[in-house]
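Written out below as structure tokens is the structure these notes cover.
The values are calculated or read from the model by the stated rules, or taken from the named source; none is laboratory data. Remember, it's a predicted structure, so these values are computed and weren't measured experimentally. Because the Cβ atoms are built from the backbone with ideal geometry, glycine has one as well, and the counts that use them run over all protein chains shown. Areas reflect the complete protein model, heavy atoms only, side chains present, ligands, DNA and RNA absent. Shrake-Rupley method; radii C 1.70, N 1.55, O 1.52, S 1.80 Å.
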Amino acid sequence: MALAAHHLARGVHGPELLSVVAEALEEPELRALIHQAADLALQPAPVPALIQALGLEAGVTGFVSHTVPVALTLAAIAPDFPSAIERAIALGGDTDTVAAIVGALCGARFGPDAIPPEWVAGIRDWPLSVPKLKALAAALAEGTPPPRISWFGSLLRNLGVFMPLVFGHLGRRALPPY
């Protein structure tokens, strides 16, 4: 993904991106799947063809051999940031994983200004904020120390919001139907 983001940020996309990434991989199965995605990217409807070739009509799984080729293809052929995210979600299955990967790759390809302003305005992740996230991105890009983020605030948020969600999900999974 890092290599794909590197090339997307430098203007490489489409089948060329998929081929470059595939050639850099050592794992033969994943390399073959991404080469297949590169071949399908030349077709008029590459994503549906890839979904069918991978047998993912019921939705994209979180398995790396499914998620990576699909996310790379979506990012490689996307006309813009919003449509790439919307297409990732519309595929069904493990949409949060696929959309997160596609969002990261398309962020590298199209830049932060391609994200719809109303999406950015909707970010609510206390103790983080949009300005703090932008400062973090700038620090990472420049190689400078990151801004301070309240670890105590993060702990409170995680205990108060995420832990009840996790335990609620686990409790629901323990009840029939399994």
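Highest GNM mean-square fluctuation among 125, 113, 96, for the chain modelled with Cα contacts below 10 Å: 125. Comparing 70, 60, 120 in a Gaussian network model of the chain where C-alpha atoms under 10 Å apart are linked, the largest mean-square fluctuation is found at 120. Neighbours of residue 139, meaning other residues whose beta-carbon lies under 12 angstrom from its beta-carbon, give a summed charge of +2 when Lys and Arg score +1 and Asp and Glu score -1. Rolling a 1.4 angstrom probe over segment 1-68 with all protein chains present gives an accessible area of which 59% lies on carbon and sulfur atoms.
Over the chain, with a Gaussian network built from C-alpha contacts below 10 Å, which listed residue (55, 153, 103) shows the highest mean-square fluctuation? So, out of 55, 153, 103, the one fluctuating most is 153.
Based on alpha carbons, the Rg and Dmax found for the chain are 18.4, 51 Å. If only the Cβ of Lys and Arg carry +1 and only the Cβ of Asp and Glu carry -1, the dipole of segment 1-145 around its Cα centre is close to 340 debye. Per residue, the solvent-accessible area of the chain (1.4 Å probe, heavy atoms of protein chains only, all protein chains present) comes to 59 Å². A simple count of charges around residue 38, restricted to other residues whose Cβ falls under 12 Å of its Cβ and scoring Lys, Arg +1 and Asp, Glu -1, yields -2.
Charged neighbours of residue 77, selected by a Cβ distance under 12 Å, balance to 0 (K, R count +1; D, E count -1).
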